Structure formats: C-alpha cells, structure tokens
1. May I ask you to give the solvent-accessible area per residue for the stretch 253-355, in square angstrom, as obtained with a 1.4 angstrom probe?
2. Over all directions, how big on average is the projection of the convex hull of the alpha-carbon atoms in the stretch 310-374, in square nanometres?
3. Summarise the long-distance tail of P(r) for the stretch 116-176 by giving the % of C-alpha pairs beyond 18 Å.
4. At 0.36 nm per residue, minus the direct Cα-Cα distance, what do T38 and T94 gain on full extension? Give it in nm, one decimal, please.
5. How big is the stretch 79-222 in terms of Cα radius of gyration and Dmax, in angstroms?
6. What number comes out for accessible area per residue over the stretch 110-198 if the probe is 1.4 Å? Units Å², please.
7. Give me the dipole magnitude in Debye, nearest 20, for the chain about the Cα centre, with unit charges on the beta carbon: positive for Lys and Arg, negative for Asp and Glu.
8. Of A325, A182, Y59, whose Cα points farthest to the positive end of the dipole of the chain (charges on the beta-carbon: +1 Lys, Arg; -1 Asp, Glu; origin at the Cα centre)?
Amino acid sequence: SFRRLPPYLSIGAVLFAIALTSAGTVGAQNSAPAATETIRPEIGKPLQTAQAQIQAKQYKEALAKIGEVDPIPNKTSYEIFFIERMRGTAALATGDHAVTAKSFEALFAGDRLMPVERALYAEAITGAYYNLKNYKQAANWAASAIKDGSSQPQMRMLLVQSLFLADEYAAAKAETVAAITADQTAGQTPPEEMLKMLGRTALKLNDDAGYIDALERLVNHYPKTDYWVDLIVRTARKPAMSDRNILDLFRLQLALGDKLPATEYLFLAENALQAGFPIEARQIVEKGFNAGQLGTQPEHKKLLVKVTKEADDDRKNMARSATEAEQGKDGPGLFNAGLNLVISGDNLKGLPMMERGIKRAGIKRPQDAKLRLGMAYAMAGESVKAAETLATVSGPDGIADVARLWTIFARQARVVTAVK
C-alpha cells in the first residue's frame with residue numbers, strides 16, 4: 001500500500017527545513033516585506049513566546065499561545081504571515097494536518113513567500129492533504145511543489161500516487177510516463193515503484209498492452225520472479241499467441257526456476273513429448289516432483305515412468321541419431337538433434353549442430369528455428385549470440401513476444417534466479 005505518507009516527507013525533515021526559514025526573531029524581515037512594516041506589540045509578544053516554545057519543542061503550548069492573538073482585529077498581511085507560518089510549523093509537529101494545510105495555504109494567499117520557500121511549504125501542504133486523504137488537493141500541491149523546484153527527488157512519485165488514489169488514472173499514467181521518460185533521458189533507471197505505478201494505472205484503465213509493457217520494464221530493471229511469472233502468464237494469454245509457441249514461452253519459466261502448478265508441469269511434459277524431446281519431458285516431470293507439485297496422483301507416477309523410459313531410450317540412441325542427422329541432408333533432423341543435445345546439457349556438440357541444421361534445406365518454419373536457436377544460446381549462457389539471433393525473430397503469432405522475453409532473460413540469466 002502507498003496510502004501512508006512516504007518517508008521522504010517525514011514530519012521531522014520537513015519541520016527542520018521550515019524551521020530554518022522562520023527561525024529569526026518575530027518581526028525580522030525574512031521574506032522581504034516593506035521596510036516600514038512592523039508587528040504590533042499585542043501580537044508580537046505572544047508570538048515571541050510561541051517561537052521560544054517551538055524551539056523548545058513545546059508545540060501544543062505554542063499553538064495555544066498563537067491562538068491568543070486570533071481575536072485581535074484588523075491584522076495586517078504582514079502580521080498574518082508571521083502568525084500562520086508559526087502556527088503551521090507547530091501544527092505540522094503535532095500532526096494536526098488540517099491546521100497545517102490551512103495555515104501554510106494562507107502563506108501562499110498572502111504572496112509573501114520567497115521563491116526558495118515556495119517549494120518547501122508546498123511539500124508540507126502536500127503531505128498534510130495526503131495524510132488527510134484529500135488526494136486531489138495533495139496532487140495539486142505536489143504539482144505546485146514540482147513547478148516551484150522541489151528538491152525532494154520523489155515528489156513526483158507522491159504526485160502520481162495522489163492522482164491514483166483520487167481515481168484520476170489517466171492523469172496518473174501521464175505523469176508516470178513523463179517521470180519514466182525523464183529518467184531514461186537522463187540515463188537513469190526509473191524507480192521500481194514508478195514502474196509498478198505504470199502497471200497499476202494500466203490495470204485500472206483496462207489497458208492489457210500497457211500492463212504487459214510495465215511488466216517488461218520491471219523485469220528489465222528489477223528481475224524479480226513475481227514480475228517474470230506475471231509477464232509470462234499474461235503474454236501467453238495474448239489473443240495472437242499461437243499454441244505452437246506456448247512450450248517455448250514456458251520453457252523460459254522453467255529456466256527461471258519458478259515453481260509451476262501441477263497442471264502446467266503435465267501440460268509442458270506432454271508438449272515436450274509430442275515435439276520429440278523425451279529428455280526434456282523427463283526434466284519437466286522431475287522438476288514437478290522436486291517442487292512437490294507432482295506425485296500426489298497415480299497418473300503422475302505413471303507419467304514419470306513413461307518419460308523416464310522414453311528419455312533413457314532417446315539417450316541411448318542419441319549418438320547414432322546425431323551421426324545420422326549429420327550425414328543426411330535434412331535440416332530439421334540435424335537442428336532438432338542439436339537442440340536435444342543442448343537440452344541434455346551438451347552445448348559444445350549441440351549448438352554447432354543447430355547452427356548447421358538451420359542453414360540446410362527443409363526448415364519449414366524459419367522463425368521457429370531462429371527462436372529455438374536463440375533460446376539454446378541463452379540456455380548455454382551465450383547472451384550476445386542469443387540477443388543477436390532473437391532480434392531477427394518476427395511474426396504475427398506471438399513468436400516475437402516470446403523472442404523478446406528470451407532476450408531479456410539471456411541478458412540477465414546469471415542473476416535473475418537469485419532475485420526473489
């Protein structure tokens with residue numbers, strides 16, 4: 001949740017900064033009033049006492065003392081300025097957000113704040129309204145603080161949070177995109193919370209493509225398993241995604257080391273068998289058993305027996321099959337034999353076979369072949385070759401989406417499984 005006031009707007013920090021602007025003796029011309037302006041003694045004396053109480057952190061007593069001057073009539077704008085600045089400072093310290101906002105807003109109404117002070121007081125008003133859950137006003141004042149040059153690096157985050165909580169989702173998205181673009185232009189990594197906000201606004205706006213875009217940005221910069229899983233699942237649900245590419249997509253989830261539901265282990269194992277990769281099917285089933293997701297049903301054990309037998313048979317015949325594929329002219333046979341070797345862990349033999357196979361005749365789906373060669377490079381840890389190959393994959397059936405995710409994985413394969 002982000003309904004709590006962020007730590008960068010903690011009362012202590014803001015109060016200290018505001019105190020610096022109002023620490024002088026009551027009547028001192030800190031904010032450039034006309035030289036002839038003064039504070040009447042009946043107002044100045046209580047304010048001097050209140051100022052001493054604020055410096056002694058006796059904030060409630062200071063508020064009471066400031067209240068003694070309220071009945072005095074015909075206050076000048078100069079007197080009002082000092083009264084409300086002091087009242088707002090004491091109120092901020094006691095957590096009286098309503099009084100804080102009202103008093104500091106009076107400073108803006110009086111137009112006596114120096115430029116250096118405007119952003120500071122706007123930040124305090126933003127925090128007050130945020131705590132009062134008046135998010136529209138919080139957003140307005142956050143925007144004002146940014147306009148006046150707020151030095152708080154996360155003030156824009158508070159702006160988009162306030163807009164989001166005020167149900168102004170389109171505006172929140174626009175501000176989020178602007179902040180992310182500014183970071184990228186400056187060569188900086190956008191904050192994780194800002195990228196998450198991009199996803200939240202997309203969900204509220206029923207923008208599936210926007211949400212997937214946010215997830216892609218998150219896994220690029222903050223490759224946590226939860227982001228990866230959400231991205232893979234939602235990519236699989238895209239209307240254009242062909243069933244033919246599902247196995248390649250979920251091979252990525254297996255490479256991430258994520259625990260899958262039992263139904264997905266079974267689905268992927270069956271697909272691997274149908275594709276002619278029993279060794280991979282056994283790996284998938286074994287991962288399901290090791291994860292505790294398989295093994296509770298009799299059919300799970302039957303499947304394990306089946307894939308184990310077929311994988312053992314395949315492994316016995318692997319050398320002969322590879323030799324026959326090399327001697328033949330068939331591209332798919334050599335390519336798949338090489339992929340099978342990579343899956344079984346023999347990258348040194350498997351990758352060159354795939355490279356030769358993809359150049360031969362008979363490859364009916366060249367985009368599929370390029371995708372799987374790029375995947376094989378990624379699984380072997382050859383991230384540069386993986387990225388170069390996957391960048392050439394295109395198609396309207398979701399294959400380009402799968403290639404893009406494998407590219408991201410290839411660039412961070414050494415670290416992604418360590419981040420939770």
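1. For the stretch 253-355, the solvent-accessible area averages 50 Å² per residue.
2. Details: hull surface 16.5 nm².
With the hull built on Cα positions only, its mean projection is 4.1 nm².
3. Here the tail beyond 18 Å accounts for 24 percent of pairs.
4. 17.3 nm
5. Computed over the Cα atoms of the stretch 79-222, radius of gyration and Dmax are 17.0, 56 Å.
6. On a per-residue basis, the stretch 110-198 sits at 44 Å².
7. Roughly 640 debye for the chain.
8. It is A325.
The values are calculated or read from the model by the stated rules, or taken from the named source; none is laboratory data. What you see is a predicted model; the values in this text were computed from it and never measured. Every residue, glycine among them, receives a Cβ derived from its backbone with ideal geometry; neighbour counts consider all protein chains shown. Heads up: the accessible areas ignore ligands, DNA and RNA and are worked out on the full protein's heavy atoms, side chains in. Shrake-Rupley method; radii C 1.70, N 1.55, O 1.52, S 1.80 Å.
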